[in-house]
Each structure stands twice: as C-alpha cells, then as structure tokens.
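The values are calculated or read from the model by the stated rules, or taken from the named source; none is laboratory data. Note that this is a predicted model, so its numbers are computed, not measured. Glycine gets a Cβ as well: all are built from the backbone with ideal geometry, and neighbour counts include every protein chain shown. Side chains included, ligands, DNA and RNA excluded: accessible areas come from the protein's heavy atoms. Shrake-Rupley method; radii C 1.70, N 1.55, O 1.52, S 1.80 Å.
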Amino acid sequence: MSKISRFTKKAVQLAKNAVGGRGEVAAPEGGGGFADYAIVSLHCLRVYLEKSYRETLDLLSEMPHILAEIGLNEADLPDHSTLVKAFDRLKTALWRVLLRLSAQLHDPSGHAAIDATFFDRETASKHYCRRTNYRVQTLKTTALVDTETQAILDVHCSTGKPHDTQLGWQVARRNAGDLASLAADKGYDWMELRKKLREDGVRPLIKHRIFRPIDHAHNARVDGPRYRQRAMCETVFSTIKRTLGDAVRARAWFREFREIVLKCVVHNIKRAVTP
C-alpha cells in the first residue's frame, strides 16, 4: 500500500470519529450535501499534497483508488468552491477534536515541550491589503509536542504579540491532566507559571534567567535529558515547514488558524502511518 493510501485510510477513519458520520454516504444523494467526514478527508489531502483547492481536486481526479478510500469517485468530486465554503462552515472545535484524535495515534508519553514559531501569511496584492487592512505578515504558532513521539498535542495561534508565558499557561492548562512534565526555554520563565504547573501535578522544566547566584542552582536541577528534549519542538516545526509549507494560504484569520491546526493533524497522521 502506498504512503498516500495509508494516509487517506487513516484520515478517513479519524474524520468519521470526529464528526460521527460512520453510517453516512460520502457523496450527495437526492439533492443532499457531501458528508462532513468526506469534506474533512479532502482537506487533509489538500494539506498533505501541499496544493491549492483546484490543484488538489485535479490530482485526485486521477487517483480513483484514493477517492475510493473516501467513498467517492471522479464524478462525485465537489467543486473547489464547495471545499472553500465547507472550510468556513466547519468550526475550529471540529479540527481541534481531529488534532486530539490524531495525537492519540501515538500513545503520548506525558512528557512534553512547548515552543513557538512563525508561519508566513502569503503575500497578497496591495489592493487586497488596503481594502482589508491586511497588515500582519506572520502568524505566531505555539505548539505542545510530545518529546518521545514528536506528536503535536495542542496548538495555539495568534496574529498579535502575546507574551510566551501567557500562551504557555493557556496551552498547558488545557492539557495539564495528561502531562507529567513540561519543558520550555527561558522565554517561558515565570514563577507564576511554574507554580500553576506544580499545582496541577506537572513538573516544570523551565530554566531561570540569571539574576542571582541561586538561579544557577535552580537551573542545575532542571538540566537533564528531559529538559534537553525540548528541542523536539524545533524539529517538529522544521518538519512541518519543509513538508507542508511555511505559509498559510487562507486570508481570513480564523481560516488561517484552522489551517495551522490542520497542518498539525496531517503531521501526526503522517508520522503514524510511516513504517
């Protein structure tokens, strides 16, 4: 079985679990619409192939065995505008459920690291930028990564400039029940964050900025194999940008957020189906 076949089969399975549409027919019948799991699977393939909506549908029209995994054939393929509208209609909560399900494919260890990177918002025409006040050129993405499996457990996106410590607590709080330790660099150095993590039973592996001699002692206790695994975040970011692109295609901020989450889903599935 080819890589894309294995990926599609797993993506369809997760999509059905996320939307609860196991008994639904993928193609529209009697004037109905496409099943949500079929739309979700097509979007996963769009990101996996790193193509535009039109190019993705054009390629899939030549892949009947891949369409068969979804329950479609060439004549059933939707117009590209249908996919665009569906991306608007499907809420971010659904893509986050899909992300959580894709992370569970890897049996997370409970030891995680957190870090941030930036994705480019693709250059738009000057007319579009003026008309929509489109000024922010990068999208800040904070990811929580399992250090043993390199699966992305959670992600946060922002077009603003919130401090890393605030984002770190927001992401960690959502996943505290599943974590035993959390590693991060000095950008997340905040005593309140360490306190909150300990209250939730999570060991903070965050080095202190050096202001006093005692900070050296604190850092010596933190330093170890678990802390050094925080570099896995950078490895994951590099993999995503090399294989799935370092820019988002969408224009509206909420679509861009969903696209980042979808990139993380595709990354998790690809790692799960790679022999």
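Applying the selection to segment 33-48, what residues are open to solvent by 40 Å² or more (accessible area, probe 1.4 Å) and at pLDDT below 95?
Passing the criteria: 33, 34, 36.
Give me the helices (runs of 4 or more DSSP H) completely within segment 146-261, filtered to those with at least 1 residues that are in the same structural domain as residue 112 (by the TED database) and modelled with pLDDT of 85 or more, ordered by residue number.
Ranges flagged: 164-175, 191-199, 225-228, 232-244.
Residue-wise test of (1) surrounded by fewer than 22 Cβ atoms within 10 Å (Cβ to Cβ); (2) charged (D, E, K, R).
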site	(1), (2)
241	yes, yes
258	no, yes
265	no, no
272	yes, no
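Can you name the condition, by its number, that residue 235 falls short on among (1) closer than 30 Å to residue 1 by Cα; (2) in contact with a helix residue (DSSP H, G or I) (Cβ under 7 Å, 6 or more places away or on another chain)?
Condition not satisfied by residue 235: (2).
Name the single residue that is nearest to residue 40 (Cα to Cα) among those in segment 96-131 being open to solvent by 60 Å² or more (accessible area, probe 1.4 Å) and modelled with pLDDT under 85.
122
When only residues in segment 72-90 that are open to solvent by 50 Å² or more (accessible area, probe 1.4 Å) and among the polar types (S, T, N, Q) count, which is farthest from the chain's Cα centre (by Cα)?
That would be 73.
Could you identify the single residue in 103, 112 that is in the same structural domain as residue 234 (by the TED database), in contact with a Leu (Cβ under 7 Å, 6 or more places away or on another chain) and of a type outside the set (Ser, Thr, Tyr)?
112
Confirm whether residue 69 is of a type outside the set (A, V, I, L, M, F, W, C), surrounded by fewer than 14 Cβ atoms within 10 Å (Cβ to Cβ) and closer than 25 Å to residue 1 by Cα.
The answer is no for residue 69.
Confirm whether residue 259 is acidic (Asp, Glu) and in contact with a Lys or Arg (Cβ under 9 Å, 6 or more places away or on another chain).
Yes; evaluated as a whole, the condition is true for this residue.
Looking for whichever is under 26 Å from residue 267 (Cα atoms) and either within 27 Å of the chain's Cα centre (by Cα) or open to solvent by 60 Å² or more (accessible area, probe 1.4 Å) (or both) here; the options are 209, 198, 174. Which one fits?
When all the criteria are applied, what remains is 174.
Out of 49, 14, which single residue is in contact with a Leu (Cβ under 7 Å, 6 or more places away or on another chain) and farther than 25 Å from residue 156 by Cβ?
49
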